[in-house]
Structures are given as C-alpha cells and as structure tokens.
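Q: So that we are looking at the same thing, I have put the structure below in structure tokens.
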Amino acid sequence: MPKKPVSFDGEVILNSVTACVFVIAPDSTIKFVNTSGEQLLQASAKYLEGRPLEEYIPADSPVHALIAQARTDRSNVSENSITIESPRIGKHLVNAHASPLIEDPSLIILTMTKRSLADQIARQLKHRSAARTITAMSAMLAHEIKNPLSGIRGAAQLLETTASDEDKPLTKLITDETDRICALVDRMESFSDGRPIKREAVNIHQVLEHVRQLAQNGFGKHVRFTEQYDPSLPPVFGNKDNLIQIVLNLVKNACEAAIHDTAKITLTTAYQHGVRLAVPGSNTRVHLPLLVSIQDNGPGIPDDLRNQLFEPFVTTKAKGSGLGLALVAKMIGDHGGLIECESEPNKTIFRLMLPMYSEKHHGPLTV
C-alpha cells in the first residue's frame with residue numbers, strides 16, 4: 001500500500017531547528033519567533049510577538065546594525081562571533097544572519113546560532129592535540145632525564161657523608177631538587193599511556209561524594225560545599241578511578257581558588273539533551289547528556305590564560321607545574337567527553353559532559 005505523501009508545515013519545521021529564527025518588522029518589533037528563539041529570549045512567542053527586539057537585545061548590539069544593513073541593501077548579511085548580552089537573557093556568543101523576506105523586503109529574517117557547543121568541540125580537539133604533544137614529550141623526558149637525575153642524586157648523597165655541616169644543606173638542596181624534577185617527570189609519564197581505559201557503569205554521585213569527603217577532611221576544610229544533584233541521573237560510561245582523579249583535581253583547584261573566609265563550592269549534576277560528539281573514523285555519534293559542574297567563588301581566571309587553560313605548563317599558581325588541567329583534559333578525552341570552563345570574578349565553573357552507560361549496548365549510548 002503506497003505511503004501517504006508527507007505534509008510539510010513551515011512553522012513546524014522552523015520550530016524543529018536549533019537556530020533561533022525571528023521575523024523583524026520595519027519598526028523593529030518581533031513578528032515571528034520559533035521555539036529556539038523563545039528559549040534564547042526566555043519568553044513565549046505569544047508574549048514576544050509585537051514587542052521591540054531592543055527590549056531583549058540592547059540597541060547598540062551589532063545585531064541591530066546587521067538588520068538595518070540587510071533592510072537598506074536588500075541583501076543577505078552575516079556576522080560571526082557576536083556577543084549579545086542583557087539582564088533578561090544573560091550573555092551569549094552567536095553567529096547571526098539577516099536577510100529580507102522575498103515577498104516583503106521590509107520584513108527581515110534574523111537567524112542566530114549559538115557558538116558555545118561548536119567552540120567546546122573545537123577546544124576539546126585542541127586539548128587532545130595538546131595531550132598528544134605532551135605524550136611524546138613525556139616519553140622522551142622519562143628516558144633522557146630520569147637516568148641522569150638518579151646519578152646526580154646518588155652523587156649528592158655520597159657527598160653528604162663527607163660534607164661539613166656548613167655544606168650539608170647544599171647537598172640536601174641537590175637531592176630535594178632532583179626528587180622534585182623526578183616527580184614532575186613521573187606526572188608527565190601518565191600522558192604516555194596510550195592503552196584504552198577500562199570502562200563500566202559508574203554512579204557519578206558516588207564519585208562526587210567521595211571527593212567531597214576527601215576535600216572536607218583535608219585541603220577543603222575551610223570550604224562550604226553545596227550539592228545540587230539530579231538523583232535520576234543514569235550511570236556514566238567511564239573509569240571510576242579516573243573520574244575520581246578528574247573531579248579531585250578540579251575540586252582541589254576550586255578549594256585553592258575560593259575566597260578563604262567565604263569559600264563556597266557548588267557541585268551540580270544534570271541531564272541535557274542534544275549534545276553529541278562524532279567518533280573519529282566512523283559515522284557514529286556518542287551522546288554526552290550527563291553534565292557535571294564544579295563552581296567556586298574565587299577571583300576568576302585571567303583573560304589571557306582562559307584559552308590556553310588546558311595546555312601543558314599553563315598555570316595560575318605561583319608554584320604550579322601546569323600539568324593538572326592538561327591531564328584532566330586528556331582523561332576526559334579518553335572518556336570521549338568534553339570539558340568547558342566559564343570564568344568571571346567570584347564565579348568559575350568547570351563543566352564536564354560525559355557519555356551515559358547503555359545497558360542495551362553495554363557501552364556508551366550512540367546513534
């Protein structure tokens with residue numbers, strides 16, 4: 001029996017796309033908005049229609065100049081990486097496109113696509129590239145540095161047996177420094193292990209609670225922890241020990257950054273739809289619906305370090321090695337996940353997007 005022809009409803013199609021679509025009248029009021037546009041402006045279409053766009057996007061935003069240019073030139077215009085910000089909608093980075101409606105050029109079709117997810121994926125690929133670079137470096141360092149260091153340390157210990165009391169602090173300095181360099185190389189060696197990690201279903205809340213207890217009994221005694229957990233969250237497809245190391249590193253950094261007298265860290269879990277990451281060399285896409293956030297109230301990360309935060313030897317600490325976050329990025333990459341950082345004064349958030357365990361596939365949920 002032949003199938004009935006599919007009936008296409010333009011409004012239904014527009015409401016199904018992830019881009020925010022608006023139709024703007026000559027007086028800059030909103031004539032139409034799709035579902036994604038409702039989510040961006042945080043109001044319903046019924047409420048938004050007939051209201052000035054300036055109520056939600058400030059008049060000095062490049063978006064308005066883009067609309068004006070499209071209307072004046074009667075041509076399509078685009079601009080990438082526009083920041084739109086207002087108290088009503090918050091701050092968003094978007095790519096914007098404006099074009100006149102063919103039937104009525106006085107009406108402008110404005111489409112805006114959020115850049116956040118695309119940027120996360122691009123940065124994640126950069127993180128993995130940095131991890132591969134440090135993998136090769138660590139293998140070389142382990143061979144070329146550790147062997148001579150053991151000889152230097154042995155010679156210093158031998159000298160200490162015959163050194164005067166005045167010179168013994170110098171021999172101790174040599175042994176201490178060689179131990180410190182060896183420890184640094186040992187940390188770098190963890191990057192050179194290219195074997196696939198053993199993964200299984202892991203309760204992420206058990207991981208978070210384990211790390212929280214470690215922190216509150218040690219380096220985080222001064223911190224007030226707040227948990228905002230989604231108890232219905234499915235298991236992560238991951239390695240429990242690695243996940244503990246990832247979260248422990250991030251929580252320790254947050255404890256050190258948090259303002260001491262009012263130090264506060266918020267641990268959050270949530271389920272988010274629509275985040276997928278392509279598996280290299282295949283048409284498979286892994287769902288990354290499990291969101292774990294670690295937020296502190298510290299001074300924030302300097303702007304000049306934010307884009308290089310997960311690269312090796314980049315650190316905000318006076319005595320830091322700059323390998324902790326690089327290792328975190330590598331382990332998140334080993335899980336097939338994403339890591340993102342958002343920072344401003346009194347608010348730094350690290351977000352982990354992780355794959356969920358699928359009982360049907362005995363592995364990650366894919367499409």
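Q: Quick one: in the stretch 31-54, of everything that is touching a Ser or Thr at 6+ places or on another chain (Cβ under 7 Å) and over 18 Å from ASN95 (Cβ atoms), which residue is surrounded by the fewest Cβ atoms within 10 Å (Cβ to Cβ)?
A: Ranking the qualifying residues of the stretch 31-54, first place goes to GLY50.
Q: Has the stretch 228-236 got any residue that is at pLDDT 85 or above, part of a helix (DSSP H, G or I) and surrounded by 12 or more Cβ atoms within 10 Å (Cβ to Cβ)? Show your work before the answer.
A: Pass one, the stretch 228-236, residues at pLDDT 85 or above: 228-236.
Subsequent filtering for residues that are part of a helix (DSSP H, G or I) retains none.
Within the stretch 228-236, not a single residue is at pLDDT 85 or above, part of a helix (DSSP H, G or I) and surrounded by 12 or more Cβ atoms within 10 Å (Cβ to Cβ).
Q: Taking THR135 and the conditions (1) touching a helix residue (DSSP H, G or I) at 6+ places or on another chain (Cβ under 7 Å); (2) modelled with pLDDT of 85 or more; (3) of a type outside the set (Lys, Arg); (4) in a helix (DSSP H, G or I), which numbered condition does it fall short on, given that it satisfies the others?
A: The single condition THR135 does not satisfy is (2).
Q: Anything in the stretch 17-34 that is modelled with pLDDT of 90 or more and polar (S, T, N, Q)? List them, or say none.
A: If the condition is that a residue be modelled with pLDDT of 90 or more and polar (S, T, N, Q), then SER28, THR29, ASN34 are the ones that fit.
Q: Let me ask another. Could you list, ordered by first residue, the pairs with Cβ atoms under 9 Å in which the first is in the stretch 182-209 and farther than 24 Å from HIS362 by Cβ and the second is surrounded by fewer than 16 Cβ atoms within 10 Å (Cβ to Cβ) and at pLDDT 80 or above, at least 6 apart or interchain?
A: These pairs meet every condition: LEU208/GLU227; LEU208/TYR229; GLU209/GLU227.
Q: Now for a separate question. Does SER81 satisfy the criteria of being of a type in the set (Ser, Thr, Tyr), closer than 20 Å to THR29 by Cβ and touching a strand residue (DSSP E or B) at 6+ places or on another chain (Cβ under 9 Å)?
A: no
Q: When you scan the stretch 142-152, do you find a residue that is loosely packed, with under 14 Cβ neighbours inside 10 Å, modelled with pLDDT under 90 and closer than 30 Å to ILE332 by Cβ, even just one?
A: Scanning the stretch 142-152 turns up at least one residue that is loosely packed, with under 14 Cβ neighbours inside 10 Å, modelled with pLDDT under 90 and closer than 30 Å to ILE332 by Cβ.
Q: What's the number of the condition ARG224 fails, among (1) closer than 16 Å to MET356 by Cβ; (2) surrounded by 13 or more Cβ atoms within 10 Å (Cβ to Cβ)?
A: The failed condition is (1).
Q: Consider only pairs whose beta carbons are under 7 Å apart and that are at least six residues apart or on different chains; among these, list those whose first residue lies in the stretch 152-170 and is part of a helix (DSSP H, G or I) and whose second residue is among the acidic types (Asp, Glu).
A: Short answer, once both residue conditions are applied: LYS168/GLU160.
Q: Here's a check for you: in the stretch 196-221, which residue that is loosely packed, with under 13 Cβ neighbours inside 10 Å and out of contact with any Asp or Glu (no Cβ under 6 Å at 6 or more places or on another chain) is nearest to ASN239 (Cα to Cα)? Can you show your working first?
A: Within the stretch 196-221, the first condition is being loosely packed, with under 13 Cβ neighbours inside 10 Å, and the residues that meet it are 196-198, 213, 217-218, 221.
Checking the rest, the ones that are also out of contact with any Asp or Glu (no Cβ under 6 Å at 6 or more places or on another chain) come to 196, 198, 213, 217-218, 221.
Details: PRO196: 11, LYS198: 6, GLN213: 20, ASN217: 24, GLY218: 24, LYS221: 27 Å.
Restricting to residues being loosely packed, with under 13 Cβ neighbours inside 10 Å and out of contact with any Asp or Glu (no Cβ under 6 Å at 6 or more places or on another chain), the top hit is LYS198.
Q: Ok, one more. Output the residues belonging to the stretch 329-359 that are under 21 Å from PRO235 (Cα atoms), out of contact with any helix residue (DSSP H, G or I) (no Cβ under 7 Å at 6 or more places or on another chain) and of a type in the set (A, V, I, L, M).
A: Result: MET353, LEU354, MET356.
Q: Go through the stretch 278-319 residue by residue and tally those that are modelled with pLDDT under 75, assigned to a strand (DSSP E or B) and over 13 Å from MET356 (Cβ atoms).
A: 2
Q: I need a count of the residues in the stretch 69-82 that are of a type in the set (Gly, Ala, Ser) and surrounded by 14 or more Cβ atoms within 10 Å (Cβ to Cβ).
A: Start the filter on the stretch 69-82 by keeping residues that are of a type in the set (Gly, Ala, Ser), which leaves 70, 75, 78, 81.
Applying the additional criterion that residues be surrounded by 14 or more Cβ atoms within 10 Å (Cβ to Cβ) yields 70.
The total comes to 1.
Q: Another question about this same structure. Return yes or no: is GLY274 in a loop (DSSP other than H, G, I, E, B), modelled with pLDDT under 90 and buried (at least 17 other Cβ atoms within 10 Å of the Cβ)?
A: No: the conditions fail for GLY274.
Q: Follow-up. Just give me the residues in the stretch 326-346 being touching a residue at least 24 places away in the same chain (Cβ under 8 Å) and charged (D, E, K, R), in sequence order.
A: LYS330, ASP334, GLU340, GLU344
The values are calculated or read from the model by the stated rules, or taken from the named source; none is laboratory data. Here the structure is a predicted model, which is why all the values come from computation and not from measurement. Reconstructed Cβ throughout: ideal geometry from the backbone, glycine too, with neighbour counts over all protein chains shown.
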